[in-house]
Each structure stands twice: as C-alpha cells, then as structure tokens.
Amino acid sequence: MSDFRTDLIPAPRRTGQAPPGAGRTLDEHTTLDAGPGTEGVARWLRATVGAATGLPLHPHHGTGGNPVELRVLPALGEKHGPEAYRVHVDDRRVSVQGASAAGVFWGAQTLRQLLGPAAFRRAPVTGGRAWELPATTVEDAPRFAWRGVLLDVARHFLPKDGVLRYVDLLAAHKLNVLHLHLTDDQGWRVEIRAFPRLTEVGAWRARTKHGHRASPLWDERPHGGYYTRDDIREIVAYAAERHITVVPEIDLPGHAQAAIAAYPELGNTDVVDTASLTVWDTWGVNPNVLAPTDHTLAFYEQVLTEVLDLFPSRYVHIGGDECPKDQWKASPAAQARIAAEGLAGEDELQSWFIRHFDRWLAARGRRLVGWDEILEGGLAEGATVSSWRGYAGGIAAARAGHDVVMCPEQQVYLDHRQAAGADEPVPIGYVRTLEDVYRFEPVPPELTGAEAARVIGTQANLWSEVTETQQRVDYQAFPRLAAFAEVAWSALPAPEDRDYQDFSRRMTAHYARLDALGVDYRPPAGPHPWQRRPGVLGRPIEGPPPIV
C-alpha cells in the first residue's frame, strides 16, 4: 500500500488509498454486520455515529444491503498485539477488523474520524444527508499498552456526568486508562460503607484557596461531593464498554488529612491534636500523615476491600508520594514501630506501609502502583512505578526489574501552563506547549532493550487545584491531550525528527472534531477573553524544566 496523507489523530502506522472515487456511502440502508465479540462495538456505533448521522444502523440479516462488517480476527495481533486493527473501505464494502474486541473498537474510532467532524455530534445537523467514506485502508496498532490520563477529582470534585464525558474523550483519542485520583487532603470522593464519615465529613470542605497556595484569594463557598458505589459501578462499566480501564487511587500514607478529619485516630495522635483537623482548604504538601499502627493498616485494608469490589482493574494506585516525615520523627509510637520492625528510619517506615499493601494486593490477584517516592526506603516486590518527578525514578525502577508508567511533570502535567504569556489562566508550573508535548518521549534512550520493555506505557496527569470547572479542565487538557495521545499510540520517530508541521496540519481537522464534541480547548492563538483569570496568582517557574 502506498502511503498517503490523512487527518487521523493519532497517526496510524500504515495507510493506503484505493482508486479515486472508489469510496462508500453510508445511508439509511446501511447495516452493521457484527461478528462474534463485536456486539459492544455495534452498540457504541449506533449510540454515537448513529445518533450523529441519524442513520439507524440496523443489525444485518442475510445477504445484500450495504453492511459495515465488524470482525474479530486474532491473527491481526500476531505482530502488533491484541489492540491491532484494520479498516478497509472500497466501492464494495466497509470492514473493521481487530485482533480483539478492543482492536475493533479502536478501528471504529478511526471510521468515525473518516466520516468527518459532524460524526462527533450528538444529533444530525442536516437532514437527509449521505455520509461519504473515502476509499482507504488503515492498518494500525498502539505502541504502548498503558495509555493513560490522570483525572484529579479529589481537589475539585467532577460530577459523575463529567467523568463519563471524559471517558468518551479518552476513547476518541484511543487512550485506554483513566486514573481516578479519588482521595487527598482536600477531599474523599468514594463511598465506603464500612466508614461512612469518609464521605459525610471527608468529602466536604468549608472553603477553597483560589489560585496557587500563595494567593490571597479564597472562594468562601463550601465545596465537595463524592461518588456512590453505584456511581462508581456505572463509571467502570461505561469505561469498560469503551475498552478503558479505570485505575483507582487511594492515597497513603501522605495526602490523608480528609481521612484523618473523618477518623482522627488514623493520625499521629501522640504529636498532633487530630480531633481538631478539618478537610484541608488550601494546596501544597500537608504535614498530617497516617500513623503507622495496626489500626491504620486494618482500616485501609477494609477500605481497599471495598475498592477492589468496585474496580476490577488489575492495578490499584496507592499514591505513596509527598509524605513528610516530621510527625513520625516526633512520634514515640512511630519510633517504636521503626524499632519493632528493625527499620533504618522514617524512609523505610514509608516503605513498610507500601510493602504491606503490595503483599496484601498481590494476595488478592492485584498489583500495586505508586508514585516514584515508593522507591525510597526500598521498592516493594511487585510494585509498578509512576515516574512523575522526572525520568530518574522510572529509570531506576526499570533497571531494578519493575514496570514503569512514565508521566514526568516536566513534560506531561497538563495543569501546567501552555504558554509564557500573561493571559494564561492561573499560570502553574513549567511552560509546556502543544509542540513540547508532541516531542515528549516516554522511553529514556539510556535504557537497554530489556529495560525499555519495562516501560509499559505513559500517562498525562491533570491535577485540579486550579481547574475548578469542566471548562477549565477542558482548557488545560486540550489540545495537548491530542498530542499526548499520538505519543502514546503512534510509532513516532525520535523527538527531534517528528513532523510537527504535519501534526499541526492534522490538528486543523481535529479542532473541528473538538468543536463538535463541545470541548472548550485553548485556541492556537491563545485563550479567549472568557478563558483568562486575571488577578489570580499562579506559580510561575522560570526557565526550561530540568530533566531528571
């Protein structure tokens, strides 16, 4: 097949074009010929493409007609794995084949892009229209198995409908992991039946810092919310239908003030009046951490038992980051635990926490994931590392034989500002432009082939301290999430050799898709006046970000 230019994002591995004029038209006679294992993809096509086009896309029966064929062909995955797919359109047929149901689904996403931006709307905008598909063959498969996005719903709660909307946005970009950051100092967002005060108390704060923690501004309105058990089941099922895994994060032993406010005995009561603590209303690294007691372990085991019941994900994230050791240093109880366990100090005490839950999760057939601080004091045997402080933690973990998800803050923290101009709303962190994200490389060149294979994927993280609404989340995520999706999916050359001009050309078409989806993205020329936040203090960091 000869290569030709398309507007597809992420860029496919291989495309070819049939003779001119040899495409296919979808109309009211078009049916879906769904083979075994593709029933879910057929449902999705009717609910999305069917809604946008106004076409019924009835099930195919017998012969003839104008079917779109959906087939699982495992042989497609022999070279590129279970998510490989092939889309073929000519004047005789339209077929979407995948090595698995997931592959067929990603092929259906490509088919939707080929139909044009109007296929991304929720209802037809013109009546009686025939929908043209260009003659083409697309053969494709992802580079990484873990193509993730962290959505922080702890700092600012995102209602369930907003989470479901983001699941659809991830699916449209062939991203397959939604990392839900459910607990932190500023809020606890998941119902736990055994401990109702986690949401009765821990899900609500009296007010919220507006802007960076140094800002003098406050939003004096109470803020909060949480997902019921049925909400979580709905989110997980909705994501699974779109071949997206929801990975929960329950933070420990730091980032725990909301839990301690609800159950003061979880804190270091011998050095802090934990009964006076409330859900934190500002940002930063909080000194109030969990006490290293048997009660705390049993409490979180019960929490995680309910979490495992709600989330079938093989991976469970337990945080492990930004855990100040001052209270442990001052606590006689913590020092007694260090002595009783024969630990070298407070760093190993944090590792003691992590190792306990690594074993506990492994015994239940799950795997622990933690931020790269879990390397401190010795890494738990089965742990996977989310490398956020740069590349160094991921390199160390890979060389030690551990799986790694690369998500360095210098590259793919989407809460960081998109330009250096004063118009950027609440400028946080490093400047990371669309081109910067497009040139991000998840696998450090200094790793050997075997070590590089330990990088199972990559993830963009969107923390929500200053993204208080869905519109602000949209602005920070897009269009950079489209560039990240291509990095995570496509077999791109080295960063310096990537064709950013071609990506920008394809983004012209993609902006029209985002418009149809109602995404409040940052325009290429800069923020709209209503997207700015004049006078709200951010946290500018001058100069290029360090690579660590």
Antiparallel bridge percentage (DSSP; both residues within the chain; nearest 5): 35 percent
Name the long-range amide H neighbours of Tyr315: under 5 Å, sequence gap of 5 or more, or other chain; modelled H, no Pro or chain starts. Arg367
For each of Val236, Val190, count neighbouring Cβ atoms within 10 Å of the residue's Cβ, then give the residues from fewest to most. Val236, Val190
Burial-style ranking of 181-188, 334-341, 479-486, average other-beta-carbon count within 10 Å with highest first, yields 181-188, 479-486, 334-341
Using alpha-carbon positions, the gyration tensor of the stretch 402-529 gives root eigenvalues a ≥ b ≥ c; with a/c under 1.5 called rounded, otherwise prolate if a/b exceeds b/c, else oblate, the class is prolate
Residue order, fewest to most surrounding Cβ atoms within 10 angstrom, among Asp474, Asp273, Asp499, Asp251: Asp273, Asp499, Asp474, Asp251
Take the alpha carbon atoms of the stretch 250-282, find their center, do the same for the stretch 348-399, and report the distance between the two centers in whole angstrom. 23 Å
Residues with amide H under 5 Å from that of Val190, placed H, sequence gap 5 or more: Tyr227
Fewest to most Cβ atoms within 10 Å: Met406, Met507 sort as Met507, Met406
Can you give the Kirkwood hydrodynamic radius of the stretch 14-140 from its Cα pairs, in Å with one decimal? 14.5 Å
With viscosity set to 0.890 mPa s at 25 °C, what whole-number translational diffusion coefficient in µm²/s follows for the chain from Stokes-Einstein and a Kirkwood radius over Cα pairs? 100 µm²/s
Given the C-alpha centroids of the stretch 92-109 and the stretch 210-247, what is the distance between them in whole angstrom? 32 Å
Based on alpha-carbon centroids, what's the gap between the stretch 141-190 and the stretch 469-519 in Å, whole number please? 17 Å
The stretch 146-158 - phi-based ³J(HN,Hα) in whole Hz, Karplus 6.51/-1.76/1.60, Gly and Pro as x: 9, 10, x, 9, 8, 10, 8, 9, 7, 5, 10, 5, 10
Report the calculated FRET efficiency for Asp294 and Ala330 (r = Cβ-Cβ distance, R0 = 30 Å), to the nearest 0.05. 0.90
What nm value, rounded to one decimal, do you get for the distance between Arg505 and Glu446 when each label is placed 7 Å out toward the C-beta? 3.7 nm
Along Cα→Cβ, 7 Å out, is where each label goes; now give me the distance between the ones at Arg389 and Ala419 in nm to one decimal. 3.4 nm
So Ala240 and Glu435, fully extended at 0.36 nm per residue minus their Cα-Cα distance, gain in nm 67.1 nm
When only Cα pairs under 8 Å and 6 or more residues apart are kept, what is the percent relative contact order across the stretch 10-69? 46 percent
Any chance you could list the semi-axes, whole Å, largest first, of the equivalent ellipsoid that the Cα gyration tensor gives for the stretch 61-215, using √(5λ)? 42, 20, 15
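Can you give the calculated 222 nm mean residue ellipticity of the chain, where each DSSP H run of n ≥ 4 adds -39,500 (n - 2.57) and the sum is split over every residue, rounded to the nearest 500 deg cm²/dmol?
-9000 deg cm²/dmol
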Quick one: which residues, 5+ away or cross-chain, put their amide H under 5 Å from the amide H of Ile541? H built at 1.01 Å from N. Gly429
Taking 0.36 nm per residue of sequence separation and subtracting the Cα-Cα distance, how much length would be gained by fully extending the chain between Ala206 and Glu301, in nm to one decimal? 31.3 nm
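A short reminder: the numbers here are calculations on the coordinates, not readings from a lab. Because the structure is predicted, anything quoted here is derived from the model rather than measured. With ideal geometry, Cβ positions are generated from the backbone for all residues, glycine too; neighbour counts draw on all protein chains shown.
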